Amino acid sequence: MENTRLRNESDSNLSYTEVHSSQESSPGPINEYHNTRRYQRLEDHSASTTWFQTLVHLLKGNIGTGLLGLPLAVKNAGIVLGPLSLIVMGIIAVHCMDLLVKCANHFCQRDQRPFVDYGDAVMYGMQAAPSHWMRTHSIWGRRIVGFFLILTQLGFCCVYFVFLADNIKQVVEAANSTTNDCSYNKTVILTESMDSRLYMLAFLPFLVLLVFIRNLRYLSFLSLFANLTMLGGVILIYIYIAQNIPDPSHLSYVSSWRTYPLFFGTAIFAFEGIGVILPLENKMKIPHQFPVVLYVGMGIVTALYISMGTLGYLHFGDDIQSSITLNLPNCWLYQSVKLLYSFGIFITFALQFYVAAEIIVPAATSKVSDRWVLFVDLVTRTLLVCVTCFF
């Protein structure tokens, strides 16, 4: 992956902070990576990110369309089992993210490498396995992980295309019957507009221009603004669902085992940020700060998931729809939630796309001369966005 190189003692690429003498003599196993990986990425300040910028990206990468479907997920699990399951899934997700970073740091220290991506982590791990078959086929571990990362991240981007088109289409078609009165009204008269696929095509050129931003540092400003707009939309949703909560005694505490897989699928989709963990850590100026960023960021995300899913189901009960925005009153205040959230998803597209691009683009540009690198880079990004739009 195209990442900022690190300064080390032998070739002036690493600058270590002060460590205790007893730590310097330690072999640096995985569980001591907090002490051994205390360096700064100093070669290119413009490409490095601060802890705050990384936190913004982490929140942006995890808070997407999945959040809006969690009330329905809680319905499929039950008002008691749903929140408990989200807590367990949050703990597992954070543990896996932390373990992934520890493994990557271990291999960096062991092999004196500037960075390790997902494919490298799997390949080096298989090379150290006791099984001869795994050692001899380690390159396939790298290829399989790369393939599924591309599939997953571009799959998210496909969902974002649909979300953007459908939400803007709903706002446009309900515009004639949208009022300033936010009293709940189930009767919404829609005015037919153009097909959803035409809305997708309308977003295509703007998303292409967005993914031309190749530096996470520059993208962080847009990501912060998107977080603020999505925060505004989420606050409006919370204000509505926290009022006039009906008696929950009729709600199921534990739903049928037949619907629990539906909860699990929606919840797993909501925890969509693991694909951006290593790229974010690799871009940090001071990478040993990343564990704190990870725990704080994922703590916020998990608390948001649990509260949104629980309050949404408590308020709307069995009438909850696939996206909680569809249950909101048809007034301009709550229609603006769709617009605010759509802008946030628009920016999130670039962050999820970044992971797939960091795998595919270097492979494409490595086959051309230096004078064509930028051209091939931009063309590859354009084609990838068009493919997601097509699917």
Residue identified as over 28 Å from Ser48 (Cα atoms), touching a residue at least 40 places away in the same chain (Cβ under 8 Å) and among the polar types (S, T, N, Q) among Ser249, Ser220, Ser256, Ser307: Ser307
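When the residues of the range 202-227 are narrowed to those that are among the polar types (S, T, N, Q) and closer than 23 Å to Ala165 by Cα, which ends up surrounded by the fewest Cβ atoms within 10 Å (Cβ to Cβ)?
Narrowing the range 202-227 to residues among the polar types (S, T, N, Q): 215, 220, 223, 227.
Keeping just the survivors that are closer than 23 Å to Ala165 by Cα gives 223, 227.
Details: Ser223: 23, Asn227: 19.
In this case the residue turns out to be Asn227.
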Going through Ile213, Ile189 one at a time, which residue ends up being farther than 23 Å from Ile324 by Cα and either charged (D, E, K, R) or modelled with pLDDT under 85 (or both)? Ile213
Would you please name the residue that is surrounded by the most Cβ atoms within 10 Å (Cβ to Cβ), looking only at residues in the range 382-391 that are in a helix (DSSP H, G or I) and either of a type outside the set (Ser, Thr, Tyr) or free of Cβ contacts under 8 Å to residues at least 12 places away in the same chain (or both)? Val385
Looking only at the range 236-250, which residues are surrounded by fewer than 12 Cβ atoms within 10 Å (Cβ to Cβ) and at negative phi? Ile239, Gln243, Pro246, Asp247, Ser249, His250
Pairs please, first residue from the range 359-372 and free of Cβ contacts under 8 Å to residues at least 12 places away in the same chain, second anywhere and aromatic (Phe, Trp, Tyr) and assigned to a helix (DSSP H, G or I), Cβ atoms under 9 Å, 6+ apart in sequence or on different chains. Val368/Phe375
Does at least one position in the range 96-104 carry a residue that is closer than 30 Å to Trp257 by Cβ and in contact (Cβ under 8 Å) with a residue 24 or more places away in the chain? yes
Which of the residues that make up the range 317-334 are part of a helix (DSSP H, G or I) and either crowded, with 20+ Cβ neighbours inside 10 Å or touching a Phe, Trp or Tyr at 6+ places or on another chain (Cβ under 8 Å) (or both)? Ile324, Thr325, Asn327, Tyr334
Could you say whether any residue in the range 290-312 is over 28 Å from Phe263 (Cβ atoms), modelled with pLDDT under 85 and touching a Ser or Thr at 6+ places or on another chain (Cβ under 7 Å)? no
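Taking into account only those residues within the range 253-265 that are in a loop (DSSP other than H, G, I, E, B) and under 22 Å from Gly66 (Cβ atoms), which is nearest to the chain's Cα centre (by Cα)? Outline the logic, then answer.
Residues of the range 253-265 that are in a loop (DSSP other than H, G, I, E, B), as a first pass: 253-259.
Filter once more, keeping what is under 22 Å from Gly66 (Cβ atoms): 255, 258-259.
Values: Ser255: 29, Arg258: 28, Thr259: 26 Å.
Checked the range 253-265; the qualifying residue nearest to the chain's Cα centre (by Cα) is Thr259.
Please verify whether Asn282 is more than 20 Å from Leu68 (Cα to Cα), surrounded by fewer than 16 Cβ atoms within 10 Å (Cβ to Cβ) and modelled with pLDDT under 85, treating the condition exactly as stated.
Numbers: more than 20 Å from Leu68 (Cα to Cα): yes; surrounded by fewer than 16 Cβ atoms within 10 Å (Cβ to Cβ): no; modelled with pLDDT under 85: yes.
Criteria not met by Asn282.
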Taking the stated definitions as given, is Val292 surrounded by fewer than 17 Cβ atoms within 10 Å (Cβ to Cβ), within 28 Å of Thr49 (Cβ to Cβ) and of a type outside the set (Lys, Arg)? yes
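For every residue, the table says whether it meets (1) in contact with a Pro (Cβ under 6 Å, 6 or more places away or on another chain); (2) under 18 Å from Thr65 (Cβ atoms); (3) charged (D, E, K, R).
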site	(1), (2), (3)
Asp318	no, no, yes
Ser322	no, yes, no
Asn327	no, yes, no
Ser336	no, yes, no
Phe346	no, yes, no
Gln352	no, yes, no
Ile359	no, no, no
Val379	no, no, no
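For the range 337-381, give me each residue that is among the hydroxyl-bearing types (Ser, Thr, Tyr) and either within 12 Å of Val211 (Cβ to Cβ) or surrounded by 15 or more Cβ atoms within 10 Å (Cβ to Cβ) (or both).
Answer for the range 337-381, where residues must be among the hydroxyl-bearing types (Ser, Thr, Tyr) and either within 12 Å of Val211 (Cβ to Cβ) or surrounded by 15 or more Cβ atoms within 10 Å (Cβ to Cβ) (or both): Tyr341, Ser342, Thr348, Tyr354, Thr365, Thr380.
Of the residues Leu151, Leu164, only one is surrounded by 14 or more Cβ atoms within 10 Å (Cβ to Cβ) and within 20 Å of the chain's Cα centre (by Cα); which?
On the way: Leu151 fails: surrounded by 14 or more Cβ atoms within 10 Å (Cβ to Cβ).
Step by step, each of Leu151, Leu164 is checked, and only Leu164 is surrounded by 14 or more Cβ atoms within 10 Å (Cβ to Cβ) and within 20 Å of the chain's Cα centre (by Cα).
Could we say that Tyr160 is part of a helix (DSSP H, G or I), of a type in the set (Ser, Thr, Tyr), in contact (Cβ under 8 Å) with a residue 12 or more places away in the chain and more than 30 Å from Phe52 (Cβ to Cβ) here?
Values: part of a helix (DSSP H, G or I): yes; of a type in the set (Ser, Thr, Tyr): yes; in contact (Cβ under 8 Å) with a residue 12 or more places away in the chain: yes; more than 30 Å from Phe52 (Cβ to Cβ): no.
Answer is no for this residue.
With the requirement that a residue be farther than 19 Å from Phe148 by Cα and surrounded by 15 or more Cβ atoms within 10 Å (Cβ to Cβ), what does the range 111-126 give you? Quick ask: steps written out before the conclusion?
First pass over the range 111-126, keeping only residues farther than 19 Å from Phe148 by Cα: 111-115.
Result: Pro114, Phe115.
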Here is a list: Val361, Val379, Val355. Which entry is at pLDDT 85 or above, under 24 Å from the mean Cα position of the chain (by Cα) and either among the aliphatic types (A, V, I, L, M) or part of a helix (DSSP H, G or I) (or both)? Val361
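The values are calculated or read from the model by the stated rules, or taken from the named source; none is laboratory data. Just so it is clear, the structure is predicted and the values come from calculations on it, not from any experiment. Here Cβ is always computed from backbone atoms with ideal geometry, including for glycine, and neighbour counts include all displayed protein chains.
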